[in-house]
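**Student:** To start, I am sharing the structure in question, which I have written as structure tokens.
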2 protein chains.
Amino acid sequence: MVRKSASGRIGIADVAVKAGVSHATVSRVMNGNFTVDPEIAARVRAAAVELKYQPNPVGRSLALGKTDTIGIVVPDLANPTFQAILRGLSRAAAQDGYRVLIADSFEVSSEETILAGEARRRCDGLVLCAPRMSDAELEEIAPSLRPLVLINRTTAAAGVPSLVVDYGQGVQDIAEHLVELGHTRLAFLAGPPRSASNNLRLQGLEAFKAAHPQVEVTMLEGGSDFDTGHGAVDAVLESGATGILAFNDLVAMGLMSGLHERGLDVPGDISVTGFDDIPFAKYTTPTLTTAAVPITELGEQAWHQLRALIRNEESDAPGSRYQPKLEVRASTGPAKAARTAVHG
Amino acid sequence: MVRKSASGRIGIADVAVKAGVSHATVSRVMNGNFTVDPEIAARVRAAAVELKYQPNPVGRSLALGKTDTIGIVVPDLANPTFQAILRGLSRAAAQDGYRVLIADSFEVSSEETILAGEARRRCDGLVLCAPRMSDAELEEIAPSLRPLVLINRTTAAAGVPSLVVDYGQGVQDIAEHLVELGHTRLAFLAGPPRSASNNLRLQGLEAFKAAHPQVEVTMLEGGSDFDTGHGAVDAVLESGATGILAFNDLVAMGLMSGLHERGLDVPGDISVTGFDDIPFAKYTTPTLTTAAVPITELGEQAWHQLRALIRNEESDAPGSRYQPKLEVRASTGPAKAARTAVHG
DNA sequence: GCGTTGGCAGAAAGCGTTTTCTGCACAACG
DNA sequence: CGTTGTGCAGAAAACGCTTTCTGCCAACGC
């Protein structure tokens, strides 16, 4: 005869009856309120243990107006970058007793707004990860999502800190590295068109071109996964470039794989670079030259910013900027004597 | 003067006042209840839109006794296998309007019980992914976690379906493949000791050894990540084996990387196999022979099982068993003429 | 014309907590 | 001895929603 309430689950009322006290007293004991007689407190605790009472978090959330949960919206859970951010976020939040609710928009930007709103209402705060929506839309909904932290995106809306990676500087560093190796014809395998980080890369390349007018930089359409890289082999060869900047490590790996299949040597014939420095980059053959982004740390910092917002509404969180670090490995080498385009 | 209630957020009461009706009517309209006068319904909807009213999910959850959220507990969010399961689960659940709360136990088995309990109380159901806890503990807490679905683990507790991959058969298939290539000395780079899937692999190897007494199988200690494989090069060479079964693809990749650094050829000198067929396996050099597990589908099926349990308490879900499929790629080849151990 | 039904909206009772407010008992003080 | 204070537990309100129950009014049948 343990279960008393209709729902089947035992609640605070059952403990109260068992201990012969009121609901209020049970609540006080469970929350460590000291204005309760030690003897009664002990009786309540004993009853709670005996009944295996566990407070219902939903009722608690309603009363307290907080859920101890934060949400994260990502464009694609299959992307290692977002996985790493999620991991860092989850780990950091867990240390402060918060849980993470995930929402995957599957690169459908129209879904993002809805998902973000729904997630926010269930949580105490939200992390919006590289949202694909337009600047205008982002700025419009941002206020209603606060406390909100942005990753790899900025907005004019007030009180919304941003954590951004300086992809522009990153690609410049990589391009410089290739130039130092003697490459004069480069190609950039671009990422998803709606990706803000892709735009930052493009801006970086513009700056690079301005500083190095003698270097030819071809822009190639792309995406963000293996297959993009693997399928870009023809376009890459056609460009005649000897140094390829892939959008990220995945694309670079796909490209290297495709080049190997054609019997080309990396970096003997063509140098390939990635971006992000995912764990796999150290174990490719050849190991991949890339720009390391402290991705997991990014997730961790996102939590710290969000926590500041949740705890103290007034804290003006400035956000921060991360500099990628060039990791020179074995996929880049001296430029071969000038190649001519394979086709045309 | 939009916000009326003390909390700042606009609630059902504000809409009721604005539309000149009662709370109940607003609720009815918002939930598509047709026993309401169309004209009044329109007025309510107009008020809701104008006030940008969005129902508070917490209040809703408390009243309805459901959260439209499920939880998943994984031992390590950094592991691609669990990431893939999470992805499949999240995607499938999202299609039915459910969200996913994640809990990472960081391989600390004592945390699992707590995390699982907490997650369960916040959700309508739980997926326990390859839990590291003991059989006894699992069986004890399983009833309190229902609706519950297990992945890669079984329990005697009733009404808890399990989705398990037949790792035992998988390693046998791989071992057979190596034997057919002429290998007579094999080595198994084991995974985490507490991993149930590792035990299944070991059982499979025992069966294999019984069927092939002429083949020598060395057991080597290991883990589940790159570094394990990379650090196992010495032990592998020392074993004198020419065919290596790595615990999973990550370990295999680390091992291949280490072998390359020693100037050894895969598969010329040594054949290496993985397990799981993570997306990267197709893009390693050489491409990796492995046993493909439909991991994402596993997550998807987990949701289907869980959904059945949530919707109909009586549905006895049997769980299911997945057969890995051997994927022969370029990391395995004919055995070289018998090698002797490098050391000793 | 009156009683009965049925449609539809409001009142109110939950859901399971927390927390304020109320009230009792006892001690201290004038 | 009466008054004020203090400590502590219970009553009740609040959180924001759903849903049952109640009640009003009109229509219908006899």
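The values are calculated or read from the model by the stated rules, or taken from the named source; none is laboratory data. Here the structure is a predicted model, which is why all the values come from computation and not from measurement. All Cβ positions, even for glycine, are placed from backbone atoms using ideal geometry, and neighbour counts span all protein chains on display. Accessible surface areas use protein heavy atoms only, side chains included; no ligands, DNA or RNA. Shrake-Rupley method; radii C 1.70, N 1.55, O 1.52, S 1.80 Å.
**Student:** In whole Hz, with x marking every Gly and Pro, tabulate ³J(HN,Hα) for the range B:185-195 from phi via Karplus 6.51 cos²θ - 1.76 cosθ + 1.60, θ = phi - 60°.
**Tutor:** Rounded to whole hertz, the list is 10, 10, 9, 10, 8, 6, x, x, x, 7, 6.
**Student:** What residue among A:Leu200, A:Leu138, A:Leu62 has the largest mean-square fluctuation in a Gaussian network model of chain A, using Cα springs under 10 Å?
**Tutor:** Among A:Leu200, A:Leu138, A:Leu62, the largest mean-square fluctuation in the Gaussian network model of chain A belongs to A:Leu62.
**Student:** Right, next: Over the alpha carbons of the protein assembly as shown, what is the largest minus smallest coordinate on each principal axis, giving the biggest first in Å?
**Tutor:** Result, largest extent first: 80, 68, 50 Å.
**Student:** Give the aspartates and glutamates reachable from A:Lys336 as a straight Cα distance under 20 Å; neighbours fewer than 8 places away on the same chain don't count.
**Tutor:** By straight Cα distance, A:Lys336 reaches A:Glu176, A:Glu180, A:Glu216, A:Asp234, A:Glu238, A:Glu261, A:Asp265, A:Asp269.
**Student:** Could you give the distance between the Cα centres of the range B:251-319 and the range A:171-239, to the whole Å?
**Tutor:** Here the two parts' Cα centres lie 32 Å apart.
**Student:** Still on this structure, please answer the following. As a test question: what accessible area, to the nearest 10 Å², does A:Asp68 have when a 1.4 Å probe is rolled over all protein chains in place?
**Tutor:** Approximately 30 Å² for this residue.
**Student:** Among the listed pairs B:Lys18/B:Lys52; A:Lys66/B:Lys18; A:Lys66/B:Lys66; B:Lys282/B:Lys325, give every one whose C-alpha distance is greater than 22 Å.
**Tutor:** Beyond 22 Å between Cα atoms: A:Lys66/B:Lys18.
**Student:** Output the 0 to 90 degree angle, nearest 10, between the alpha-carbon long axis of helix A:80-95 and the longest principal axis computed from the alpha carbons of chain A.
**Tutor:** Helix A:80-95 sits at roughly 30 degrees to that axis.
**Student:** If we count every other residue with Cβ under 12 angstrom of A:Ala281's Cβ, Lys/Arg +1 and Asp/Glu -1, where does the sum land?
**Tutor:** My count for the surroundings of A:Ala281 gives -2.
**Student:** Solvent-accessible area of A:Met30, probe 1.4 Å, all protein chains present, reported in Å² to the nearest ten, please.
**Tutor:** Counting only protein heavy atoms, A:Met30 exposes about 80 Å² to solvent.
**Student:** Dividing the convex hull volume of the alpha carbon atoms of the range A:210-340 by its residue count, what do you get in Å³ per residue?
**Tutor:** 134
**Student:** Which of B:Pro213, B:Pro38, B:Pro334 moves most in a GNM of chain B, Cα contacts under 10 Å?
**Tutor:** Maximum among the listed residues: B:Pro38.
**Student:** Further, regarding this structure: Once you put a point 7 Å from the Cα of B:Thr184 and another 7 Å from the Cα of B:Val17, both along the Cβ direction, what distance in nm separates them?
**Tutor:** A separation of 8.9 nm, rounded to one decimal place.
**Student:** Something else: Using a 1.4 Å probe on the heavy atoms of the protein chains only, list every residue of the range B:66-103 that has 20 Å² or more less accessible area in the complete assembly than in its chain alone.
**Tutor:** B:Thr67, B:Leu77, B:Ala78, B:Gln83, B:Leu86, B:Arg87, B:Ser90, B:Arg91, B:Arg99, B:Val100, B:Leu101, B:Ile102
**Student:** Now for a different question. Convex hull over the Cα atoms of the range A:12-55, averaged projected area in nm²?
**Tutor:** 2.5
**Student:** Please give the calculated 222 nm ellipticity per residue for the protein assembly as shown, where each DSSP H segment of at least 4 residues contributes -39500 (n - 2.57) and the sum is spread over every residue; nearest 500 deg cm²/dmol?
**Tutor:** -13500 deg cm²/dmol
**Student:** With springs connecting C-alpha atoms under 10 Å apart, model chain A as a Gaussian network and identify which of A:Val15, A:Val272, A:Val293 has the largest mean-square fluctuation.
**Tutor:** Most flexible of the set in this elastic network: A:Val15.
**Student:** Largest first, what is the accessible-area ranking of A:Arg87, B:Arg311 with a 1.4 Å probe?
**Tutor:** The most accessible residue leads, giving B:Arg311, A:Arg87.
**Student:** Okay, moving on. For the rotation that superimposes chain B on chain A, which residue of B has the C-beta lying nearest to the axis, and at what distance in Å?
**Tutor:** Spelled out as residue then distance in Å, it is B:Thr285, 2.
**Student:** Could you tell me what percent of the accessible area of the protein assembly as shown is made up of carbon and sulfur, with a 1.4 Å probe and every protein chain present? Display every interim value, and only then the final one.
**Tutor:** Details: 15250 of 29260 Å².
Carbon and sulfur atoms account for 52 percent of the accessible area of the protein assembly as shown.
**Student:** Leaving out ligands and nucleic acids, note down the accessible area per residue over the protein assembly as shown with a 1.4 angstrom probe, in whole Å². Before the final figure, lay out each step's value.
**Tutor:** Values: 29260 Å² over 688 residues.
With the other protein chains kept in place, the protein assembly as shown gives 43 Å² per residue.
**Student:** Buried accessible area for the A:B pair, summed, 1.4 Å probe, in Å² rounded to 100?
**Tutor:** Working: alone 16580 and 16550 Å², together 29260 Å².
Counting protein atoms only, the buried area is about 3900 Å².
**Student:** Here's another thing I want to ask about it. Could you tell me what % of all Cα pairs in chain B have separations over 32 Å?
**Tutor:** Working: 26676 of 58996 pairs.
Of the Cα pairs, 45 percent sit more than 32 Å apart.
**Student:** Return the long-range amide H neighbours of B:Ile270 (sequence gap of 5 or more, or a different chain), with a cut-off of under 5 Å between placed amide H atoms.
**Tutor:** When sequence neighbours closer than 5 places are left aside, the close amide H contacts are B:Asp265.
**Student:** Could I ask something else about it? Suppose the Debye formula is applied to equal point scatterers at every Cα of the range A:74-191; what is log10 I(q)/I(0) at q = 0.10, 0.13, 0.15, 0.22 Å⁻¹?
**Tutor:** For the requested q values the scattering log ratios are -0.38, -0.60, -0.74, -1.30.
**Student:** Moving on to the next point. Using θ = phi - 60° and the Karplus curve 6.51 cos²θ - 1.76 cosθ + 1.60, what whole-Hz ³J(HN,Hα) does each residue of the range B:255-268 get, with Gly and Pro shown as x?
**Tutor:** 5, 4, 4, x, 5, 4, 4, 8, x, 8, 9, 10, x, x
**Student:** Antiparallel DSSP bridges in chain B: what percent, to the nearest 5?
**Tutor:** 10
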